[in-house]
Amino acid sequence: MVTEMKTAPKTETDVGTQKQQLITQIREGYKPASDSAQQLARNTVQAWETLKLLWAGTPAKTDIAGTSLYNSALALGTTGTKVDKNAAILKLQDAHIRMMIELSNKLTGKADAGADSTALLTMLSEIDKGLKAGDARYDAYDAYLGQMAKINLTLRGAATKIQVSEKTKSSTSEGLLLIPPPQRYEGALFVNSARTNSTVWQFGDPQTPGELADKAGVDNARNIMRSFTNVQQQWANDENFMSSSAAPVAARDLYTALSRIPSTDDLWQSGSFRTAMQQLQSGNLAAGLALLGNETVFNNPEFRNAINNLFTVMTNPKAFTTMRYGLKCQWNFDENQQMFKDEITRTKKPKGFMTFQPVGLYAGLALHYSMLGMSGQYARMQYDPTATGSPLTATGDRGVLTGRGHAVEATGTWGEGIGFFGQPMEIKFNLTGGYKTWGLNGIDRLLSDGTTLHIPAQSYNQWYLSLAGLEINFWGTEGDRTRFMLLPPAKVGGQIRPAMSFEQDRLVVSGIDWLGYITFSASTREKNSWRVTTLLTPEISSLMNELRVGGQLTPAQFARTTEKFMLQLDATVSATKNLKTAVSTLEASANTRYVGRVVDFPLDLLVRAGYTQEIGGAKADRVPGGLFVNVENTFQIGKSPLSGLKPKKK
């Protein structure tokens, strides 16, 4: 077992010798990672004292030790016979910063710093004062406030922190130190799949074409039409039907029905018909149907009209959320959030590409329940043997269906903090899995041909998966202007989400949904602890492969922040237009958000109530609107430095 030897207290001469040795190490390429925490703490203090000596200038002639150390430090910037004091300062300061970075990683408590803990705290205080005073000599430390705060917290063992200069803040209240990303409210539309879940079914028996009845007899002709229509129905319901195991069964069923045509009929004299029968008998449905199409008895207006008793019932993939409740637990990584917060609030933004290395900010798990207002449509199928794929198209009588649905979702979230070109960003990754069950009400409807269509109630269910691969929030302090693309005071965000669902035991990716938005904000100064903000959020999105444009407007958002809570009240209106269907979605809501504590857990509660309605376009493309309520309950584990609240006092 190896034990670390404790060193005796050093005399002033010993300290001077140590500083000289440290200068030599820096000149030769000092590596802080090779030192223990205690040795690194001592070196960090001694490098700081030497740096202050260089800043102060040549010591008095009577200070022999100081002059010797000054000349040694000055030699760090000497090239040949040229002495460059600025180069020496930069090299020593760079080494000092590297020591602090390594020390912030190695310190686990005050004991690790040994006798130098007080000197370290003094050093941090002096750097903080220099930054607040705007002294250019301290500018290099502005990029490392997170590491300094971590050292400070570790040494003090309490929730204290280095304060950043207030000169760039427009608020006079510490309680409003941060502006969270402006709340862009999710609308009442519920979209989880780009597929319509359509079902094709028969309405009564097909008609019996006269020519086919003459050849086969009425009863045989009716059986032939039933078999033929059954094939078309299965094909329309499953685009992979022709390659499935059901196709040979349907082929032989059709062969049996056609075999009842008397052998004396001239149809059997056709080589095309005989070959078609051989293909059907062998289970080759596609080949048999193609050959039957060569015969006029199976390819004439009367025959095509006889098949048009097929109807499709389609569910609109978007729904209206009448009620939604969410419960979320979020684990905050306190130290990382503190470093990210320091990155947001520092006075001078660094230059370069990646200005803040990625750190995890939080992880979350949420459960949601949604009650859905569903809609759909029915349409008569028209038979067209020349069409590509299934010869059925929904071009006949149509109407709207309504219904009700329920959805349960589980969402995992990971938040990552990063900085590009001096702009702090929060990147959020979401993975949602859910189960949806819904039904459409049945109807009795008089059709254009005078017959009455009876559609029974339909019921469906679906598992689905949603990956929001990219959701971005740009953070900033009050009065800060984001540097992203030289935009005015604004926040930019976006989402990329593949639309995936499980169908017939397969995961189907039916499209890529995406959203992009930018929120412009204008705030008044705080008066009586209240702040009023106006928010405007233009947005563009693609849902179900349909392009939409629109935005949200919050004329006045009232927010009050104290040491114990934040309360936010506002009313929001939004409008979005689908450029493909010409349907516009309108929504108005009253919203309340409360951020505070329950026992010792930070709580974020959002309650929304409003009304939504769709107008324009075809009625079948619109979702029936109405009143909605949305409650989001988030419990946070950790101090949550990014919440804008002060740490809880002990």
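Please give the per residue accessible area of the stretch 234-322, computed with a probe of 1.4 Å over protein heavy atoms only, in Å².
Numbers: 3830 Å² over 89 residues.
Dividing the accessible area of the stretch 234-322 by its residue count gives 43 Å².
If the segment from LEU90 to SER272 were pulled out straight at 0.36 nm per residue, it would be longer than the present Cα-Cα gap by 56.3 nm.
In this simple spin-label approximation, ILE496 and MET323 carry label points 7 Å from Cα along the Cα→Cβ vector, and these lie 3.8 nm apart.
Counting only other residues whose beta carbon sits under 11 Å from that of PHE311, what net charge do I get with K and R as +1, D and E as -1?
+2
For the peptides 578-589, 330-341, 453-464, residues were scored by their other Cβ atoms within 10 Å and the scores averaged per peptide; the highest-first order is 330-341, 578-589, 453-464. Using a cut-off of 23 Å between Cα atoms, the listed pairs LYS328/LYS564; LYS31/LYS150; LYS19/LYS150; LYS328/LYS577; LYS31/LYS106 include LYS19/LYS150; LYS328/LYS577 as exceeding that distance.
Report the full-extension gain for the segment ARG137 to ARG304: residue separation times 0.36 nm, less the Cα-Cα distance, to one decimal in nm.
Details: separation 167, 0.36 × 167 = 60.12 nm, distance 8.77 nm.
Extending this stretch completely gives an extra 51.4 nm.
Is the stretch 20-152 rounded, prolate or oblate when judged by the Cα gyration tensor, a ≥ b ≥ c being the square roots of its eigenvalues, rounded requiring a/c under 1.5 and prolate requiring a/b larger than b/c? Taking the square roots of the gyration eigenvalues as a ≥ b ≥ c, the stretch 20-152 is prolate. Applying a DSSP loop filter and a limit of 11 other Cβ atoms within 10 Å to the trypsin sites (Lys or Arg not before Pro) in the stretch 61-142 leaves LYS61. Taking the 1.4 Å solvent-accessible surface of the stretch 14-157 as the whole, the part contributed by carbon and sulfur is 51%.
The values are calculated or read from the model by the stated rules, or taken from the named source; none is laboratory data. No experiment lies behind these values; they were computed from the predicted model shown. Virtual Cβ from ideal backbone geometry, glycine too; neighbours counted across all protein chains shown. Calculation scope for accessible area: heavy atoms of the full protein, side chains included, ligands and nucleic acids excluded. Shrake-Rupley method; radii C 1.70, N 1.55, O 1.52, S 1.80 Å.
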